[in-house]
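Down below is the structure, laid out as structure tokens.
The values are calculated or read from the model by the stated rules, or taken from the named source; none is laboratory data. Computed from a predicted structure; not experimentally measured. Neighbour counts are summed over all protein chains in view; Cβ atoms, including those assigned to glycine, are modelled from backbone coordinates with ideal geometry. These area figures cover heavy atoms from the full protein model, side chains too; ligands, DNA and RNA do not enter into them. Shrake-Rupley method; radii C 1.70, N 1.55, O 1.52, S 1.80 Å.
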Amino acid sequence: KLYAGRCEAVSLLENHGRKVTETGVNSVDAILCYMAYLAEGRGIDFEVNVQSDMNGVIGEKINRREFNTILADLTENAIISAGAVKERHVEVMLLRNNENFRLEVLDSGERFDVGVLKNMGKKRITTHSGEGGSGIGMMTLFNILRETGASFAIEEFAEGAKYHKAVSVTF
């Protein structure tokens with residue numbers, strides 16, 4: 001149901017929405033526009049930093065549906081997390097370093113609990129069950145990581161930093 005709802009929203013935004021950025025892939029632009037809309041509705045400062053277009057990523061490194069799923073899941077998780085704190089910031093970065101392409105999502109929400117980190121990708125676990133989270137997004141992410149050979153990293157930042165954590169996937 002969640003995926004179908006996102007597809008419908010992306011389709012509407014692709015055909016009628018404004019763009020937050022130009023990535024070279026309409027569906028990615030539409031997802032980012034939709035996420036900016038969600039963030040705005042929750043009073044969250046939402047930034048997109050594109051340091052590389054998506055040409056050569058979709059199709060070569062990962063298929064469009066899988067990338068869109070990862071982008072939407074990680075960004076929506078960050079929006080939910082940032083929405084629960086006073087200082088609300090989310091940034092989505094699309095970066096290329098030589099042959100590698102990285103999607104990085106930073107947020108000002110609470111850091112991950114150790115129990116969540118231990119079980120991430122091993123069983124369905126959610127940090128936002130009150131907002132409808134089921135844990136299936138992270139399980140899906142880890143399945144895609146295994147299929148594509150992509151890597152996953154979580155970085156936490158010092159107290160007082162604008163962002164408290166970053167979640168990244170490198171293809």
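Remarks
- Relative contact order of segment 21-171, pairs being alpha-carbon contacts under 8 Å that are 6 or more residues apart, as %: 21
- Shape call, segment 22-64: gyration tensor on alpha carbons, a/c limit 1.5: prolate
- Note on surface exposure: K122, K86 rank K86, K122 by accessible area, highest first, 1.4 Å probe.
- Cα convex hull volume per residue for segment 22-171 (Å³): 109
- With only Cα atoms counted, segment 32-100 has Rg and Dmax values of 13.3, 40 Å.
- In this simple spin-label model, placing a label point 7 Å from the Cα along the Cα-to-Cβ direction at both D45 and R64 gives a separation of 3.4 nm.
- Charge tally for N49 (other residues, Cβ to Cβ under 12 Å; Lys, Arg +1; Asp, Glu -1): -2.
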